[in-house]
Ligand SMILES: Cc1ncc(C[n+]2csc(CCOP(=O)(O)OP(=O)(O)O)c2C)c(N)n1
Ligand SMILES: Cc1ncc(C[n+]2csc(CCOP(=O)(O)OP(=O)(O)O)c2C)c(N)n1
Ligand SMILES: [Mg+2]
Ligand SMILES: [Mg+2]
């Protein structure tokens, strides 16, 4: 992906982090589409607590970059109101744990505006949510709550896990005529840099990415766990096990075909995610396998996930999260079956 | 179940509907435990829009049966506040579609009070939610949103589907030291009557109920769909297919052992639920099968669910819901495999 | 005592329940302009009566009547411009008719058909809003979009006395103040939120004063007095259009009917109260005022009511003749660009329909 | 003009920034009672300084300083009775120390250990609350439980200027009014919500006036003046205890530090403003007042600060010596009666720990 982008770039593009890619995408789209506005707590002069909107206020002014009063219901409601009247608001929930008060507007209005008016009104909005644990943050700053939205018709739910995908998918999300919940894995915001041309090229919002080919077992993951999963694949390779790694990237709608194709080859699937196991989004992928790939499976599906408890405060949090060890162990269990 | 209850009754108990069983359980527990209070919109003199709290205000007074201001955030917050100070509030969301503003308090406080204080405070509350479609109600009065809570650690999520289970499970929910989201399938509130002794006997909150034995296929469901599923089993029996029917009853924690045992016998599983398919709670059951029962399955798992769209307004809603036909067709598909 | 702040809330009323003026008419106000509005009020009442009857005979789903709210609803609708945006709750048909919503659309909505929300005329108005008061905050968002794009438009939202307890209402008040939005929040206080009386909703003496929490302009109005409604909306609209910001107006009226056709108000309120409500209702006083001004008479009313009956019947017939949507309508308005799995479900649903005949 | 309602909001201040009285002391007020409270304020400042240093050296997670808020925090804590319930946000250590919370518990919480919330002493107080202002509504629920059980207790919640925009705050105001709750809502207006200034939060002239929305008693107070804080809390407490209902008190103070140690306030506010803040801070004026009354002197301060340093060091050491919880602690406090699947996960986690040594 990144390679293609380099080719397409007009002037030498810089290597940037995932969060810088977010900023770059926001700036690009704001330059090219007047109807795009950014809103949230501290997104203005402060540039967001993670600096995702750094510089935007200076570039586009306070009428395009709006600090909101401290209320997530307000952010969600204003966003739906603006979107339904022809603007393209990109709202930020400051942290994953603060987006629950937005659920009502997302479910009852954003996801239904087109449906309930038979297309007369619509809701082209993006809700950006810094997501997940592992940064030694305080309580409520480390949640993996993507599953809340995946059962809600009318939404798109995406989670990029590389700078290039963050850039391309955020552009796509803003241009999408329907509401998108855009989760950003904050643990890998600054994990590594990648050259991402600022060429305005969007990436599709309905495909999974095969990050690594392998014939023995399919590792399916998304968000920050892509890091551990790729590391697990490396570790497995050392033991002669070739793992295919898939970044789901878009959870809703799910590109199950890519997963099914991989499993038809490997016969084994380990699903890795950070959220608690029970009814996490991994369940949906496992369910699809049980429905549509049963005859391909030679081993039971495995899920390596957060435990069914809250992510603990930071002294214990790394023990909660899926680790390379846990992924490797599950993959080996799968490969041991036949 | 009901039979046992009859035996245990001290004086001739009456046949009652599911909603009457709810009222009976509330009254029983309020009589026996002073710390139980009921709160919600219109639960007082009006007795609730479904009459679940009919008569309670007259019996226990306005200090035990509280009409709240019209705000679901308020209901949730007051409930958590009371519960954490030693009361046992039973709150009502007037309809499923109105409970989204409660998500924040349920997830951030109710589900965490014990966890975050290492047991110093806790949150013994019940949130009653009339649930589901099929009653020709207006918009937002027909939603199957149970999956929102099933990924949240610290909660219990239950849904009775008979008068006896409604009575016993509500008593258990109120006595439970941790928060319980109690979904009531409103379509079958008055479907039939059953003798339910008012003996104060609770039912466990962690078991699935096998409602019908069968060897050919396991039909797993909950809530209002128990009706269609039993009817489908009847229809299948006429064609010589013996379906086992399981009412999940408690979604969280899931009694997967009962389902697994059934599938180990039948080798086939059809999961039936009213919520949209993708990431509905059926996915978790299918996932567990893919993990733990793969070698027992002789046919792919089937899900018969609502479509991945919003439940339409009532002129079309019955076409959205799982029907006897759809269940029968799925069961036959499963049985056709071997 | 040092004062940090000080607030007065004005009460507006011109027409008493007996149809006599209790205050001088607003400057330049011409009573003749009331006649077409009074006619609209009568039209709404005919529509309401027939809709209730339709529900009672099984031809309509649950219906929320507007009996007694006519002056407030028509006054609000009359005060708006076509390019403004209206965000109603669920019973403000009078205001919606003034904006061009067809009565058949109302019936389709309550008849269980989403097409009722696809208004032919006020294309940007919000549909009926069931989650209480969320429309207030959406309207704030709409107003914010007007302000950011420098469009000379305002947003008007309505909610009930119960709705004024909802956090979304407070969020709208807060936003309107924080951003100085061209927003008019109309709290239609009809005394009841289903079975819960106004006094149980809040300890505030007036609902208008909730606007103080956001630094908004606040006004309390006799909502059964069309003249007061018009004057209050004129003032709030002028403020909003001139960049002075938002208003909260409390319209004091009374719900003469059950909450909806699914409700039985006798369970929770006395006959006396309802009887008293009928003495203050909005048509009575306006009819008597217009009659006293020789702007209206019995013959006119009779003829007009007849016409209303016919008009409403045309709408009802159009509604009743409207075929149910095909099963694929469930899928076709969810996404602009529906994903493949959804299209597969759509195809399956169509196939099932065909099979079932 | 007919008035529907009328409201005055009083402003309370006794001690000017220079330590001189600007008004007569409240009746019967004895300045001697200020000495132990001033000592507590000094203690908190020592604790705060050392905690920041601890974070800077990597021995603590993100920490929210309370620099500049000492008078408000100590005044609130001092006004409460042990059986009352306090619902803080996240920086009101002064109030919490007055109630018996141990400094080591504060450090454990910010050090990433849930045991910090298991207060040894105020067993019914709420823990720190990250989701802004939700504590206000929980406190309303607590107050409701006291009222229903006829317990002579009150609930006190604090939130910030930013927090007063949150819908949960409004819900608390509304509930307190609707049920006449024994609740005191303390809005600690320190001028900033991270980078967002007070003026951007709301169009309201004062934050105190938000209580009008619920019919509550409203008061604005100089939050850097301990005497004013005590008097405001005394009045609100008396009202709450006597069944007169809830209050909203706005305490005007200033956040002298960054929002938290994760923030850099230079990005969004000028040096001048902070400098001005230091001239109005609460210790200065109280010290000068007490000194003028011969109730305090330099020697006393020096000795006391030394003692504070030692006390805080004891707490810090206790914190640093506290071993991390075993892995099963993740599972053990989730349910009173943990389900079997969770116990299986617990066993697996313990096994993994053992394997990894
Ligand atoms: C969020 C939400 N909660 C509950 C309801 C159920 N409900 C519908 S109307 C109503 C009462 C509304 O009263 P009020 O706001 O005074 O408006 P009115 O019906 O009197 O016009 C209630 C509780 C709802 N529609 N939405
Ligand atoms: C619901 C929620 N949204 C956002 C945040 C992030 N956040 C933490 S503190 C804060 C600002 C709070 O400002 P204020 O209420 O004035 O209190 P102060 O920190 O100034 O004491 C924000 C936005 C949060 N903790 N909770
Ligand atoms: Mg009302
Ligand atoms: Mg502040």
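Read-outs: derived from the displayed coordinates by stated rules, not from any lab. This is a predicted model, so every value here is computed, not measured. Methodologically, a virtual Cβ is constructed for each residue, glycine included, from the backbone with ideal geometry; neighbour enumeration extends over all protein chains shown.
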- In nm, give the distance between the simple-model label positions of residue D:32 and residue C:291, each being 7 Å from the Cα along the Cα-to-Cβ direction. 8.0 nm
- Message: If I take R0 = 60 Å and measure r between the Cβ atoms of residue A:242 and residue C:272 in this structure, what FRET efficiency does the formula 1/(1 + (r/R0)^6) give, to the nearest 0.05?
- Response: 0.10
- Item | Computed over the range B:104-149, the ratio Rg/Rh where both radii use C-alpha atoms and Rh is Kirkwood | 1.17
- Item | Fraction of beta bridges assigned by DSSP in the protein assembly as shown that are antiparallel (%, nearest 5) | 20 percent
- Using the C-alpha gyration tensor of the range D:104-178, what are the square roots of 5 times its eigenvalues, in whole angstrom, with the largest one first? 24, 18, 7
- Message: Can you tell me which of C:97, C:331, C:47 moves the most in a GNM of chain C? Springs connect C-alpha atoms under 10 Å apart.
- Response: C:331
- Query: Given 0.36 nm per residue, what is the gain on full extension from residue C:121 to residue C:317 after removing their alpha carbon distance, in nm?
  - Reply: 68.6 nm
- List, largest first, the extents of the alpha carbons of the range B:31-120 along their principal axes, each in whole Å. 39, 32, 17
- Task: Give the order of C:196, C:229 when sorted by the count of other beta carbons within 10 angstrom, beginning with the fewest.
- Result: C:196, C:229
- Average Cα contact separation per residue, chain C, under 8 Å, 6 or more apart, as relative contact order %: 22 percent
- Query: If you bin the C-alpha pair distances of the range B:133-290 every 5 Å from 0, what whole percents do you get?
  - Reply: 2, 9, 18, 21, 21, 16, 9, 3, 0, 0
- Note on the structure: The alpha-carbon center of the range B:157-220 and that of the range C:287-357 are separated, in whole Å, by 40 Å
- Item | Reciprocal of mean inverse Cα separation for the range B:209-336 (Kirkwood radius, Å) | 14.3 Å
- Task: Determine the percent antiparallel among the DSSP beta bridges restricted to the range D:190-327, to the nearest 5.
- Result: 25 percent
- Message: Could you tell me how many cubic angstrom of Cα convex hull volume the protein assembly as shown has per residue?
- Response: 172 Å³
- Message: Mean-square fluctuation check for chain B, GNM, Cα pairs under 10 Å: which of B:110, B:299, B:166 is largest?
- Response: B:299
- Query: What number, in nm² with one decimal, is the all-direction average of the projected area of the convex hull of the alpha-carbon atoms of the range B:206-252?
  - Reply: 2.9 nm²
- Folded to 0 to 90 degrees: helix D:167-179 orientation relative to chain D principal axis, Cα: 70 degrees
- Residues of the range D:156-195 with amide N under 13 Å of the 7 Å Cα→Cβ point at residue B:62: D:178-180
- Query: Based on the Kirkwood radius over alpha-carbon pairs, what value in µm²/s does the Stokes-Einstein equation return for the translational diffusion coefficient of chain D at 10 °C and 1.306 mPa s?
  - Reply: 74 µm²/s
- Note on the structure: Label points for residue A:231 built 7 Å along Cα→Cβ; distances to same position in the other copies, nm, shortest first, come to 5.5
- Message: Taking a point 7 Å out from Cα toward Cβ as the label site, list the nm distances between residue A:336 and the same residue in every other copy, smallest first.
- Response: 3.9
- Query: Within chain A, what percent of beta bridges assigned by DSSP are antiparallel, to the nearest 5?
  - Reply: 20 percent
- Note on the structure: Across the alpha-carbon set of the range D:285-357, Rg over Rh with Rh taken as the Kirkwood radius works out to 1.45
- Query: Got the relative contact order for the range B:2-196 handy, in percent, Cα pairs under 8 Å and 6 or more residues apart?
  - Reply: 28 percent
- What percent do you get for the relative contact order of chain A when only Cα pairs under 8 Å and 6+ apart count? 17 percent
- Teacher prompt: residue A:15 distances to equivalent labels in other copies, 7 Å Cα→Cβ, nm: 7.8
- Using a 10 angstrom cutoff on alpha carbons, build the Gaussian network for chain A and name the most mobile of A:139, A:184, A:302. A:139
- Message: So for chain A, considering every pair of alpha-carbon atoms, how many percent are separated by more than 25 Å?
- Response: 50 percent
- For helix D:34-56, what angle does its Cα long axis make with the longest principal axis of chain D, in degrees from 0 to 90 and rounded to 10? 40 degrees
- Query: If each residue's Cβ is checked for other Cβ atoms within 10 Å, how do C:144, A:211 rank with the fewest at the top?
  - Reply: A:211, C:144
- Item | Over the range A:2-196, volume per residue of the alpha carbon convex hull, in Å³ | 115 Å³
- Message: Taking the beta-carbon count within 10 Å as an exposure proxy, list C:137, C:230, D:352, D:256 from fewest neighbours to most.
- Response: D:352, D:256, C:230, C:137
- For helix C:134-148, what angle does its Cα long axis make with the longest principal axis of chain C, in degrees from 0 to 90 and rounded to 10? 80 degrees
- Query: If you take the beta carbon distance between residue A:195 and residue A:292 as r and set R0 to 51 Å, what does 1/(1 + (r/R0)^6) give as a FRET efficiency, to the nearest 0.05?
  - Reply: 0.85
